[in-house]
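First the structure, in the form of structure tokens, and then the observations on it.
The values are calculated or read from the model by the stated rules, or taken from the named source; none is laboratory data. Everything quoted here is computed from the prediction, not taken from an experiment. When we count neighbours, we look across all protein chains shown, and the Cβ atoms used for this are built from the backbone with ideal geometry, even at glycine. To get the accessible areas, we keep the full protein, side chains included, count just its heavy atoms, and leave off ligands, DNA and RNA. Shrake-Rupley method; radii C 1.70, N 1.55, O 1.52, S 1.80 Å.
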Amino acid sequence: MIDRAEAPTRWQMTVAWLLFALAPVVFLAMMYFLDQPYQVPDEYQVFPSAYQKSFAHEPPTAGWKPSTGVWPAGRSGDEPFTSIWYRYDLPKTEEDRAFYIVFATASLDIWHLGERLYTSGPAKRPLYEDNKPIVLSLIDPQTGDAGELAAVYVRMMREYPSTSLSWVYIAPLQLALRDSAESTIFYRTLPLVMLGIMGAFGFLVACMFLVRRDQPAHGWYALMMLLWSIHTGHELIADIPFDRYLWACVSYASLTWLVAELYFVNRFFDARAPRLERAVTLISVSVVIALVSLASLASRDVSFHDLERTMRTVTNIWFGSVALVITARYWIALRQRFDFERFSLFIASGVVLGIGVRDLGYDSFPSVGLPGNTFYLQYAVLIPLSMFGVQLIRRFARDSRMAELRSSELERLADERAAALEKTTQRLSEAERRRVLAEERARLMRDMHDGLGGQLVQALALSEQGEDPDLQRSLRGAIDDLRLIVDSLSPTEDGLGDLLASYRHRVGKLLRRTNFNVQWQFDEDAIDVPLPANANLSILRIIQEAVTNAVRHSEGDTLRVHVSRGRDHLEVAITDNGIGIPQDVSERGLNNMRVRAIEIGGALAAKSSDAGSTVRLLLPIATDDADPR
Amino acid sequence: MPGDIQIFVLEDDEQTRQSLVRRLNAEPGFSVCASAGTLAEGVAALKETTPDVLLVDLQLPDGNATHLIAAHSASAPHVPVLVISVFGDEQRVLGAIEAGAQGYLLKDDAGEDMTDAIHQVLAGEAPISPAIARHLIRRYQTERATPLPASAPATDGGDAILSERELDVLRMASKGLTYQETAKMLDISVNTVGTYTRRVYQKLAVTSRAQALFEARQLGLMSADE
């Protein structure tokens, strides 16, 4: 299968052109065998086949004789106009004969034995169905003689001078019946099947158009199908429920299916040619109006008959040109990209064009003597039709699949967006919560700073006037503690590291006066661990308490504060080289520290000996492993 | 006493001011030449005296002393200003440093710390806290993010871009290291650490100098043609 989307090679184009030319030839060859001449020998033909003639003022053929008299007497019909009669004498035979007409246009009666056998045109009565033989008994039941009765009369109605008659047989009954049955299948059943398939395709595509309005190609295809089937049906439907002339006009108008196809092709290949489309539409409508007008005139006055025929030829040639333009469009599309779709449509277009030329020649130029007994386009229609239809359905399926993919992609995107939105909302609410918290902290801090802090400083200043070192120490302790709280609440001090730095800075100044050698060690990975504000404060308080205890009670000279990080915990160790923690201090101070440690989910351990003491805080932290990212 | 370091104190709280004045006067080599409790008094007193160093509380009943600091440091840049602070107000201290202050004192600082700070600032150094250092680093990084054109001339220390060494000093300070510890870490003298810090402050103050000049004229500390 050729299904690659690329420019065609020379070889591919050669194949395309070959098939383009060969397909109609093969089809015509096939039709040549199918469209056999009637099996009834020509000797029984009373009117030549493949030939239509208007015979308003002269006999149809040599076999027919004008019957000037009014016959049958008193049976000139109930029509209020003068009739012209032609008489055809049948061979005298005792065999039953069958009379049948393959094709006749309006306005004639056929009489036999004073009985009307067939009527067409406005005076139509359903006595006769095309292709169904009428059995004529050529024996006079009273005399047993075939003499005078063996004649058929055709009555022409003057009002309709364009009457024509063709393929009229009066043949032996058995012969006629067999021929009729076979020709009925080929000339009537088969085209009707085609018509049915066309209708089905058109209906299907119309439904697709209704489902997907964004594809105008579907709409044009459905319209094309409608017009084309009307045009095809014109040749097939004998018993139309309305005026034959009107029916002919509808048939002419339905030739515009080719215009619909031009629109379809342009939409199908996304080709923009609005000026071409407008011009073709305008000319086509004008041509059809001219043809219908002339047909109307010709139906009333025979002098317009030739003009009508000429116009019909002009119309056929014009629509043939439109078909040529459409074929060119297919060819251009194929040149742009060589894929199976374009390739098959190009070949299909070739079939329409080739068979169309044949039908034009058959219809408008009988002198060429093209073989065959009917139009072939109604049979050929299945080839382009199925190709268009299949490609359209393929496209529809592809589009639907794409739409499905797109919609599932959209769904996925929507889900993603919703999740992202959810996250953003969470983050925002988190940010809002933090903002409120920060504001609250700032307010608290201001209060402490401006109020409580100021008052404490003031109290300290006052106490300095007296000589009470305990009061001063107590006030300084209060200020230090308040400072710790404020630091831990400060919205700008967001990590343990920042708090530790501030603490180290402040306490360092004090400790320098105590002759204590302090070693600070804050491991980088430890102080970066994010902890809640209350945890930070508690850690600081534990450190503060441990440092104070060490300074006051250890009697050592070296103090080590180490903050480090284990795999899943934070460790704070305060070690001194003193005499150990005195019993009463360990009771009170350590308990405080333990409570604080437990409050923040940690654990405190104290080790004391005469070589020094260690207070160790262990605080579990979320590990990277626990984080799904 | 003549020859003493003349100190100007601007502090609104009566008790604290008195305590401060008493403690300062008690220190050998220091004497308080003037003290005031409001901004207006302070401005008036400054016109009368020529102190060697200013100790200024920021929140005063009749306004924020930042304007005064800006005006003063513009008109008398050789006279250092120290902000009197309690705690948790690094932002305000930073604002004062921008305006031209060279450092800060804590109200409850022991006498030793206080005299240390004053001596430091007079020696051309500057005290710094971890919080202030962090602010400065953050600020510097923001400025680095929007760099000046390479051709911009560096004028009299007015270049707001910090040197690597200055930045190192800031980083150490932000971790709570003392000048001694920093000096040891960077293998420089303690005095140099202080000088670097002072320079950082100056660079910060320079960026708002134009604003300071305007403020000075507003306060009448400088005539318009000065």
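Here are the numbers for the structure shown:
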{"quantity": "Test result for residue A:309, in the same structural domain as residue A:257 (by TED's automatic domain parsing) and touching a residue at least 60 places away in the same chain (Cβ under 8 Å)", "calculated": "no"}
{"quantity": "Residues satisfying the stated conditions in the range B:104-114, i.e. surrounded by 18 or more Cβ atoms within 10 Å (Cβ to Cβ) and more than 9 Å from chain A (Cβ to nearest Cβ)", "calculated": "B:104, B:105, B:114"}
{"quantity": "Of residues in the range A:451-467 being more than 7 Å from chain B (Cβ to nearest Cβ) and open to solvent by 70 Å² or more (accessible area, probe 1.4 Å), the one farthest from the chain's Cα centre (by Cα)", "calculated": "A:467"}
{"quantity": "Residues that are in contact with a Leu (Cβ under 8 Å, 6 or more places away or on another chain) and either crowded, with 20+ Cβ neighbours inside 10 Å or aromatic (Phe, Trp, Tyr) (or both), drawn from the range A:196-222", "calculated": "A:198, A:201, A:202, A:205, A:208, A:217, A:218, A:221"}
{"quantity": "Of all residues making up the range A:561-584, the number that are more than 60 Å from the chain's Cα centre (by Cα) and either crowded, with 18+ Cβ neighbours inside 10 Å or under 21 Å from residue A:536 (Cβ atoms) (or both)", "calculated": "16"}
{"quantity": "In the range A:328-340, residue nearest to residue A:361 (Cα to Cα) [restricted to those that are open to solvent by 10 Å² or more (accessible area, probe 1.4 Å) and assigned to a helix (DSSP H, G or I)]", "calculated": "A:328"}
{"quantity": "Wholly within the range B:115-226, helices (runs of 4 or more DSSP H) carrying at least 3 residues that are modelled with pLDDT under 85, exposed (fewer than 15 other Cβ atoms within 10 Å of the Cβ) and in contact with a strand residue (DSSP E or B) (Cβ under 7 Å, 6 or more places away or on another chain)", "calculated": "none"}
{"quantity": "Residues of the range A:359-378 classified as in contact (Cβ under 8 Å) with a residue 60 or more places away in the chain, part of a helix (DSSP H, G or I) and open to solvent by less than 20 Å² (accessible area, probe 1.4 Å), total", "calculated": "1"}
{"quantity": "Any hit, the range A:533-550, residues being more than 11 Å from chain B (Cβ to nearest Cβ), open to solvent by 70 Å² or more (accessible area, probe 1.4 Å) and in contact (Cβ under 8 Å) with a residue 24 or more places away in the chain", "calculated": "yes"}
{"quantity": "Matching residues, the range A:1-50, being open to solvent by 80 Å² or more (accessible area, probe 1.4 Å) and modelled with pLDDT of 70 or more", "calculated": "A:10, A:11, A:17, A:18, A:22, A:25, A:26, A:30, A:32, A:33, A:34, A:43"}
{"quantity": "Residue among A:383, A:393 that alone is more than 19 Å from the chain's Cα centre (by Cα), assigned to a helix (DSSP H, G or I), in the same structural domain as residue A:264 (by TED's automatic domain parsing) and closer than 30 Å to residue A:353 by Cα", "calculated": "A:383"}
{"quantity": "Hey, residue A:292 surrounded by 22 or more Cβ atoms within 10 Å (Cβ to Cβ) and touching a residue at least 40 places away in the same chain (Cβ under 8 Å) or not", "calculated": "no"}
{"quantity": "Breaking point among (1) away from every other protein chain (no Cβ under 14 Å); (2) crowded, with 17+ Cβ neighbours inside 10 Å; (3) closer than 26 Å to residue B:171 by Cβ, for residue A:525", "calculated": "(2)"}
{"quantity": "Test result for residue A:298, touching a His at 6+ places or on another chain (Cβ under 8 Å) and in contact (Cβ under 8 Å) with a residue 12 or more places away in the chain", "calculated": "yes"}
{"quantity": "Failed criterion for residue A:575 (all others in (1) in contact with a Phe, Trp or Tyr (Cβ under 8 Å, 6 or more places away or on another chain); (2) at pLDDT 90 or above hold)", "calculated": "(1)"}
{"quantity": "Failed criterion for residue A:514 (all others in (1) hydroxyl-bearing (Ser, Thr, Tyr); (2) touching a residue at least 40 places away in the same chain (Cβ under 8 Å); (3) more than 11 Å from every other protein chain (Cβ to nearest Cβ) hold)", "calculated": "(2)"}
